[in-house]
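The values are calculated or read from the model by the stated rules, or taken from the named source; none is laboratory data. Keep in mind that this is a model prediction, so the values were computed, not measured. With ideal geometry, Cβ positions are generated from the backbone for all residues, glycine too; neighbour counts draw on all protein chains shown. Surface areas here come from the heavy atoms of the whole protein model, side chains and all, with no ligands, DNA or RNA. Shrake-Rupley method; radii C 1.70, N 1.55, O 1.52, S 1.80 Å.
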Amino acid sequence: MEMQLGAKLHVYKGEYGLPSIDFECLRALCLLRFTRCPMDVQTSSNPLRSGAGKLPYLQIGNQKFAGYGPIKRVLDLEGYPVDAHLSTKQKHLSTAYANWVFTNLHAYYHYFLYGEPHNFDTTTRGLYAKRTPFPFNFYYPSSYQREACDVVQVMAGFDVNDKLDKHDGDYLVVNAKKVVNLLSSKLGRKVWFFGDTYSEFDAIVYSYLAIIFKIALPNNPLQNHIKGCQNLVNFINRITKDIFRNEGYSSVKLTKTPSGTEASLTASERKFLDSELNTKIVAGVGAVLAMGAFAAWRGIYNQLTTRSSTDYDGIDYEDDEMEEGLD
């Protein structure tokens with residue numbers, strides 16, 4: 001199978017400066033950008049068209065490959081293997097490290113993004129709902145919550161549907177912090193985890209940590225812990241700014257403060273300012289129309305009063321001369 005012209009990777013649109021809000025989509029994007037695979041990315045996608053009901057999916061002609069695993073296999077076959085530059089030993093280490101990170105971070109990711117009720121209701125549900133077409137956006141995000149319930153139950157041993165006091169979130173946090181500490185130690189001062197060469201492991205670590213670190217969740221104990229590991233913060237920011245410099249997205253606009261500095265606006269603040277601006281525009285237009293109407297009336301009035309004289313000689317006198325006569 002050859003990569004056809006028009007092949008596209010369909011992913012969820014990003015937020016908070018990230019190219020995607022979703023772990024699976026983000027690491028699929030990393031495969032493309034790390035290997036420089038010449039493929040278009042589509043962010044205004046309907047997940048229900050994937051065949052699996054979720055993103056990401058790769059479309060080549062009439063064929064669709066849904067999920068990270070099938071997408072990676074296609075890229076490998078097409079000559080874009082992400083670990084091509086690694087030695088055999090490094091490839092084995094990459095696989096082992098990836099399984100270790102998955103075991104310890106996957107449950108944290110699923111619980112705090114989808115399983116923790118307050119996080120899901122205030123943040124995550126809205127992120128996915130805005131990226132899902134009507135009317136599916138009313139119930140589709142809940143599919144992620146149901147999946148999180150299964151993941152957490154298997155990997156953490158408690159049920160997300162139970163009362164909050166029965167949620168063993170501390171267990172997830174302790175394990176996740178250990179992983180972050182070891183990742184920070186493993187990375188050290190290197191650019192990539194295996195030196196000067198990217199790997200699938202870099203894509204996995206970035207996708208987990210970037211979402212956990214960047215997305216503003218009300219309850220996210222790992223965020224500050226990541227912030228304390230400066231080399232991991234640099235790793236996240238470097239990939240976000242350099243690899244995805246044209247794909248990062250944020251709905252929060254920047255505006256100039258009275259002091260000339262830029263400040264971010266929330267959606268409600270932006271809506272208020274937009275409505276205020278519209279009000280000013282309407283008022284300005286109304287004022288211009290009123291002034292125009294007054295000027296037209298004044299001109300007609302002056303002409304009528306002048307021409308009412310029986311000695312009218314066919315000459316229109318200037319307004320200021322008429323006003324001086326009236327005075």
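Numbers below:
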item	result
17 Å Cα cut-off, lysine pairs counted over the stretch 88-218 (separation 8 or more, or different chains)	5
Global form of the stretch 88-218, assessed from the alpha-carbon gyration tensor, a/c cut-off 1.5	prolate
For the stretch 5-118: accessible area per residue (Å², 1.4 Å)	43 Å²
Percent carbon-and-sulfur accessible area, the stretch 88-218, ignoring ligands, DNA and RNA, probe 1.4 Å	54 percent
Gyration tensor verdict on the stretch 1-117 (Cα atoms; rounded if a/c is under 1.5, prolate if a/b is larger than b/c, oblate otherwise)	oblate
Hypothetical label at Ser250: residues of the stretch 215-240 whose amide nitrogen lies under 16 Å (7 Å Cα-Cβ projection)	215-217, 234, 236-240
